[in-house]
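Worksheet: the structure to be examined is printed underneath.
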Amino acid sequence: MKAELIAKFAARFGRAPAVIARAPGRLEFIGNHTDYNGGTVLGVPIDRGIWVAVAARDDGRRRFCSEAGGAIKTLPVENPPAKQRGAGSWLNYPLGVIAALPEFGLRPPAGFDFLALSDLPSGAGLSSSAALELASALAFLALGGQDAPRATVVQLCRRAENHFVGVPCGILDQGVSGFGQKDHLVHIDCRGPSFATVPLPAAARFWVFNTHTKHALVDGLYAARHRECMAAAQLLGVALLADVSPAALEAARAKLPPVEFRRARHIVEEIARVDATVTALRAGDLAAAGRLLTASHRSSQLLFENSTPELDFLVDQLTAAPHVHGARLTGGGFGGAVMALTTPEFSEAQATAVATAYAEKFGARPDVLRASTGDGAALQ
Ligand code: GLA
C-alpha cells in the first residue's frame, strides 16, 4: 500500500509526500451503544485501514484527492474550515480534524496536498470514518512538527466527528483505531476515557458479512437511540446509564416508559456482558465469549431495536453452523455488517454457504471478509 500511495501521490501532485500515516478500521467486538452511555466496550483493530499522505504548500491552498473521488478538490486555508456537502463530504473528516486541533491547543496545518487511499470497505460498519480521522490527525501533526498524547489525538478525532461531521458517536471507533495492537482487543472505559488492551486467544478467527444494507434514516436513528438513553438516565436520576446496575434498573422499572426501559436494559446488561467477555478472554474461553456475543445481538434485536431482518438472518445462520462461537451485528446497527467469532476450522465454503442462503432470501450477496487483527494508527 505504501508504495502505491507514494506513486499515486506523485502522479496526482507531481512530488513526493512529506508524511505518511495509516489508521485501521475496527470491529465492534462487544459493547453495543455502551460508549456514549459511559460504559465499557471491546473492539478489534483490523488489518485494513486508510492511508494518508501529505506535503506542505505555501500558497494558501489545501488540495485533497481520494482514490475513489478522482478529481482534486482545492480549498482555501480557512481556520476553522467550512463544512462540505455532496460529493466532497468525505473531506469533512480531515476538515473536522483541522477544526478540532486548536480546541486541544494544537496548531492546524496551513496549505497542503493530501491523498487518502483505503483498503477498508466504507459503509460496512468497519469505521472508515474514524480511520480517516486518525490517519489525517497523525499526518497533520507530523507535518507541523507537533506531537500529542495518543489519548488527545483520539479525543480530538471524536470531537471532529461530533462537532464538525455532526454524528453524536462515542469514543469506540477512534479509541480502537488509535490504541490498536495486533493480536489484541482494545478495552475502553468510556467515561475516563481510559484505554487498555486484552490479548486475543490465538485460535480466534473473525468473519465479517457486509450486507450493504443501510437504513435510510440511519443517522437519525442513531441520534434517536442516543436521546432515548439520555432520557432514560435522566428519569433514573443518574448522569449516564453506566451508573445503573441491572438490579437497580429492574427495581426502578416503574420510573421508565416501556421504550426507555428496553433501551436502558440493553445498555446496562451489555456493560455486564463486556465485563464477562473480558473475563472469558483472559481465561482463553472463546466459546463463552461467543455466547456473550450472540446474547448481545439478541439484545440489540429485541431491546435496543437496532437490528434488521437481514442482520438477524445472518446471525441465525451463523450461530446454527459448526465452528461458530457466536455472531452479532457490529457497529451502530440499522444495517451494515455482522461479525462472527469462529474456530480456525470455520471454512471459506461455510462462509460461502451462508452468503448463498442470504442471497436466496434477500436477492443480493453480502461481501464476506476474513478479518485479522492489526496494529493501531501510526506514522509510516
Ligand atoms: C457507531 C459509533 C460508535 C458506537 C457504535 C455502537 O459505530 O460510531 O461510537 O456508538 O456505533 O456501539
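Numbers below:
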item	result
Cβ-based net charge around W207, under 13 Å, with every Lys or Arg adding one and every Asp or Glu removing one	0
Sum of -39500 (n - 2.57) over DSSP H runs of 4+, divided by residues of the chain (222 nm, nearest 500)	-12000 deg cm²/dmol
Acute angle (nearest 10 degrees) that the helix 286-299 long axis makes with the longest principal axis of the chain, alpha-carbon atoms	90
Acute angle (nearest 10 degrees) that the helix 258-282 long axis makes with the longest principal axis of the chain, alpha-carbon atoms	80
Packing-based ranking, highest mean first, of 276-282, 286-292, 143-149 given that Cβ atoms within 10 Å are counted	286-292, 276-282, 143-149
Positive minus negative residues near A231 (Lys, Arg vs Asp, Glu; Cβ under 13 Å)	+3
Cα-based helix-to-principal-axis angle, 348-362 vs the chain, degrees rounded to 10	80
For segment 303-380: rounded, prolate or oblate by the Cα gyration tensor [a/c cutoff 1.5]	oblate
Spatial separation of Cα centroids for segment 130-161 and segment 1-74, in angstrom	11
Value of relative contact order over the chain, rounded to a whole percent, pairs C-alpha under 8 Å and six or more apart	23
Evaluated at q = 0.10, 0.12 Å⁻¹: base-10 log I(q)/I(0), Debye formula over Cα of the chain	-0.63, -0.90
Shape category assigned to segment 188-311 from the gyration tensor of Cα positions, a/c cut at 1.5	oblate
Relative contact order [Cα under 8 Å, 6+ residues apart], segment 246-380, whole percent	16
H212 accessible area, 1.4 Å probe, all protein chains in place, Å² to nearest 10	110
Eligible aspartates and glutamates near K83 by straight Cα distance, threshold 16 Å, same-chain separation 8 or greater	E133, E161
Segment 2-199, relative contact order in percent, only Cα pairs under 8 angstrom and at least six apart counted	28
Ordering of 320-330, 102-112, 162-172 by packing [mean C-beta count within 10 Å, highest first]	320-330, 162-172, 102-112
Long-range Cα-Cα pairs in segment 2-199 (distance over 24 Å), rounded percent	34
Kirkwood Rh in Å, taken over segment 74-156 so that all alpha-carbon pairs contribute	13.4
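The values are calculated or read from the model by the stated rules, or taken from the named source; none is laboratory data. Being a predicted model, the structure only gives us computed values, none of them experimental. Because the Cβ atoms are built from the backbone with ideal geometry, glycine has one as well, and the counts that use them run over all protein chains shown. The protein model used for the area step is the full one, side chains on, heavy atoms only, and it has no ligands, DNA or RNA in it. Shrake-Rupley method; radii C 1.70, N 1.55, O 1.52, S 1.80 Å.
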